[in-house]
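Q: Below is a structure I'd like to ask you about.
Any read-out appearing in this document is the output of simple, stated calculations on the displayed coordinates, not a laboratory observation. Predicted model only: the values in this text are computed from it and were never measured. Note that each Cβ is placed from the backbone with ideal geometry, even for glycine, and that neighbours are counted across all protein chains shown.
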Amino acid sequence: MEENINNEVKRTVTLHGREMTLIGDEIKIGDKAPDFKVTSNDMTPMKFLRTYKGKVVLISSVPSLDTPVCDLETRRFNDEALKLSSDVEIITISMDLPFAQKRWCGQNGVTRVKTYSDYMKAEFGKSYGVLIKELRLLARCIFIIDKEGVVRYVQLVKEVSKEPNYEEAINALKQLLV
């Protein structure tokens, strides 16, 4: 749902039916992917455009790996990533602390998906318009960025507790590899 409030566009998602406000500008297909800095599992900063220049990247934004749907989603994308070439990267970004992400990946055998934390400044969440104001968590959204750094696919899951459409996202990703 979008409504205009004092010349600002208010974008929302729901969590268990409760409306939540998204902070940041909406990213659309055809936009240049905004750069951002997040923290890797070894506590080093990761600058997106520098790290993934020349790669096709699927970004999976999730609230927390320690929840059932985020767990399923990230493990599913890890399985999909194992079938793809090294020209493709799948990353998951959440507000979980890097220590928790590292533990979760180890416990679940997630080796191909890279996880990053936006806990410090919510730079990714604000830059991509998926920071949930009321919870300071990220909304469930998938972005696919091409090798030139252009956004080619966006899937914002309106009910955060629901899974995304995996097939649609993977098909969109494969279209960029042809």
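Q: If you check every pair at least six apart or on different chains, which have Cβ atoms under 8 Å apart with a residue in segment 145-162 that is over 11 Å from residue 55 (Cβ atoms) first and a residue that is surrounded by 16 or more Cβ atoms within 10 Å (Cβ to Cβ) and of a type in the set (Phe, Trp, Tyr) second?
A: Pairs that qualify, where the first residue is over 11 Å from residue 55 (Cβ atoms) and the partner is surrounded by 16 or more Cβ atoms within 10 Å (Cβ to Cβ) and of a type in the set (Phe, Trp, Tyr), are 151/143; 153/143; 154/143.
Q: Filter segment 33-49 down to residues that are in a strand (DSSP E or B) and touching a Phe, Trp or Tyr at 6+ places or on another chain (Cβ under 9 Å) and give me whichever is surrounded by the fewest Cβ atoms within 10 Å (Cβ to Cβ). Talk me through it step by step, then tell me what you get.
A: Just the residues of segment 33-49 that are in a strand (DSSP E or B), to begin with: 37-40, 45-47.
When the remaining residues are screened for being touching a Phe, Trp or Tyr at 6+ places or on another chain (Cβ under 9 Å), the result is 37-40, 46-47.
Details: 37: 17, 38: 24, 39: 18, 40: 17, 46: 19, 47: 12.
My answer is 47.
Q: Checking the conditions here, which among 54, 30 is out of contact with any strand residue (DSSP E or B) (no Cβ under 9 Å at 6 or more places or on another chain), of a type in the set (Gly, Ala, Ser) and either assigned to a loop (DSSP other than H, G, I, E, B) or crowded, with 16+ Cβ neighbours inside 10 Å (or both)? Quick ask: steps written out before the conclusion?
A: Working: 30 fails: out of contact with any strand residue (DSSP E or B) (no Cβ under 9 Å at 6 or more places or on another chain).
Answer to the check: 54.
Q: For segment 68-78, how many residues are farther than 11 Å from residue 108 by Cβ, surrounded by fewer than 21 Cβ atoms within 10 Å (Cβ to Cβ) and either of a type outside the set (A, V, I, L, M, F, W, C) or out of contact with any Lys or Arg (no Cβ under 8 Å at 6 or more places or on another chain) (or both)?
A: 2
Q: How about segment 78-98: which of its residues are without any contact (Cβ under 8 Å) to a residue 40 or more places away in the chain and not in a loop (DSSP other than H, G, I, E, B)?
A: Within segment 78-98, 78, 79, 81, 89, 90, 91, 92 meet the criteria.
Q: Where residues in segment 102-118 are small (Gly, Ala, Ser) and not in a loop (DSSP other than H, G, I, E, B), which of them is surrounded by the most Cβ atoms within 10 Å (Cβ to Cβ)?
A: Here is the first cut: in segment 102-118, the residues small (Gly, Ala, Ser) are 106, 109, 117.
Checking which are not in a loop (DSSP other than H, G, I, E, B) leaves us with 106, 117.
Working: 106: 11, 117: 23.
Once the filter is applied, the top-ranked residue is 117.
Q: Residue check, residue 65 against (1) within 18 Å of residue 140 (Cβ to Cβ); (2) out of contact with any Lys or Arg (no Cβ under 7 Å at 6 or more places or on another chain); (3) in contact (Cβ under 8 Å) with a residue 60 or more places away in the chain; (4) buried (at least 19 other Cβ atoms within 10 Å of the Cβ), all met but one. Which one?
A: With (1) within 18 Å of residue 140 (Cβ to Cβ); (2) out of contact with any Lys or Arg (no Cβ under 7 Å at 6 or more places or on another chain); (3) in contact (Cβ under 8 Å) with a residue 60 or more places away in the chain; (4) buried (at least 19 other Cβ atoms within 10 Å of the Cβ) applied to residue 65, the lone miss is (3).
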